[in-house]
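Read the structure below first, then the notes.
Every read-out reported here was derived from the displayed coordinates using simple, explicitly stated rules and does not represent laboratory data. These numbers come from a predicted model, not from an experiment. As a convention, Cβ positions derive from the backbone with ideal geometry for all residues, glycine included, and neighbour counts pool all protein chains shown.
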Amino acid sequence: MNRDGLTVLVIGSGGREDAVCWKLSQSSLLRKLFCAPGNAGTARWATNVAIKAINIQDLVTWAIANGVNFVVVTPDDPLALGLVNAFNEVGIMAFGPTLAAAQIEASKAYAAEVEQRYRIPMPHTVSFNDFPKALRYLDFLAQIGVERCVVKASGLALGKGAYPCPSLGDARLVLYRVMIDKVNGAAGDTVVIQEYLDGAELSAHAFCDGETAVMMPWSRDYKRITDEGGDMTGGMGCDTYSDHITPQLAATIESQIAKRLLQALQAEERPFKGVLYPGLMLTEQGPKVIEFNCRFGDPETQVILPRLESDLLEVMFACVNGSLRNQEVRWNGKQVVAVVLASAGYPASRQIDVPIYGVNEAEALEGVTIFHAGTKRDHSGQLLTNGGRVLNVTAEGDDLAQATERAYGAVDYISFEGMQYREKIGSRSF
């Protein structure tokens, strides 16, 4: 490690990246911090760089010219495009999986093959790249008495490629939209049809160095646009509620899912370094993997990192150089809630350049941190909307009820035209 500290470049522009920059800015190992392309929030902790996360060569060229010696790649698209490989090829350390390891998220069809091959608990899954064959499989399900399923675009779809279908008629319509109408673009060239699982959903995260996995606090994501349901989104809120996670269940998730996948990818000659994030369903038969993700979740990161007491950059460095087993990773006992404020029309559309008010007042409240997602500033410094998900109002407390009360107390200070959010995140969801 450079004795003068690390010059770090974070890749991405959402609420997750704002939280990562916030935590990295506290590191004793840090010399300089940059974020590409960043947002109005990351500019508080880092110097923003106007290069898109998928512009691989431009990012590498800029990093070399500016003395970057450590890169944190957090979004799924650049990971699937091989950005970590590109930095490694020029001698720059990068936190995140290689292109080959990132296929565990980039291809749900490949993930299903690995899960089946290495006996990782999962719903029954079949992959199709032929529309008529997929329809015939639905006919088969009907014949054996199956009434519902989940249809997923196999590729990356901004968190919006999974469609729980309460009936096989719904599944037929979804297959047409995904495979023929291409509502998820090329991500829907191949689809997977999965068994519909009942149970509680759980987001599990682990730091990984290829061989060792260190579990992070559990979290729970709220995907639907409203409390009553509606369209799937990238996430409308999150909390760290984990009272239903027993020590035995935690040990099962760690050994049969996180560590088993690391062993599987080692055997596949795709060692995984970075953050592994399996989305789980806690069924009566035990935890099962709904999907694997190869990076921090969003908005899960916004509730996990406030609990981290260790130096994040030190932990990431240990993941990259394979020394995680020797790294102490400490967490506090707080509970954290994040409420996402979204622009009008989200998730189908978004409104930009809408003035935002009250953020400074909200963030002055005890226990509250505002992480920016889709924001920017105009020439006068006015904060404006710049995306579908705009702000993450995050609050910590001694328990979930206190964290929830603080988060919604902060929400009341913030306003922008068309602002929408869920009213039952955290303790209110009970």
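For segment 6-98, what is the relative contact order in percent, using Cα pairs closer than 8 Å and at least 6 residues apart in sequence? Write down the numbers at each step before the final one.
Values: 175 pairs, mean separation 26.8, N = 93.
It rounds to 29 percent for segment 6-98.
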> For segment 335-429, rounded, prolate or oblate, judged on the Cα gyration tensor with a ≥ b ≥ c (square roots of eigenvalues), a/c < 1.5 rounded, else prolate if a/b > b/c?
Replying inline: oblate
> What's the FRET efficiency of Gln263 with Trp331 using the Cβ-Cβ distance as r and R₀ = 22 Å, to the nearest 0.05?
Replying inline: 0.30
> Among (1) 22.0; (2) 21.2; (3) 23.2, which is the computed Kirkwood radius over Cα pairs in Å?
Replying inline: (1)
> Once the other residues with Cβ under 12 Å from the Cβ of Asp353 are scored (Lys, Arg +1; Asp, Glu -1), what is the net sum?
Replying inline: +1
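If I take every Cα pair under 8 Å that is 6 or more residues apart in the chain, average their sequence separation and divide by the length, what percent do I get for the relative contact order?
16 percent
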> Out of Val114, Ala19, Thr404, whose Cα points farthest toward the positive end of the dipole of the chain (charges: +1 Lys, Arg; -1 Asp, Glu; placed on Cβ)?
Replying inline: Val114
>> Run the simple label-point estimate for Thr252 and Phe430 please: 7 Å along Cα→C-beta, distance reported in nm.
In response: 2.2 nm
> What residue among Ser349, Ser415, Ser219 shows peak mean-square fluctuation when the chain is described by a Gaussian network model with Cα springs under 10 Å?
Replying inline: Ser349
> Full extension from Glu309 to His244: what is 0.36 nm times the residue separation minus their Cα-Cα distance, to one decimal in nm?
Replying inline: 21.0 nm
>> Could you tell me the center-to-center distance, by alpha carbons, between segment 129-208 and segment 1-54 in angstrom?
In response: 36 Å
> What nm distance separates the two modelled labels at Tyr137 and Gln116, each placed 7 Å from Cα along Cα→Cβ?
Replying inline: 0.9 nm
> Could you give the nm distance between label points at Asn85 and Asp130, where each point is 7 Å from its Cα heading toward the beta carbon?
Replying inline: 3.0 nm
> Using the 10 angstrom Cβ neighbour count as an exposure proxy, how do Phe140, Phe128 rank, fewest first?
Replying inline: Phe140, Phe128
> What is the distance in Å between the Cα centres of segment 377-430 and segment 65-120?
Replying inline: 31 Å
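Taking neighbour counts of Cβ atoms within 10 Å as a proxy for exposure, in what order, fewest first, do Leu324, Leu168 appear?
Leu168, Leu324
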>> Over the chain, with a Gaussian network built from C-alpha contacts below 10 Å, which listed residue (Glu115, Glu254, Glu366) shows the highest mean-square fluctuation?
In response: Glu366
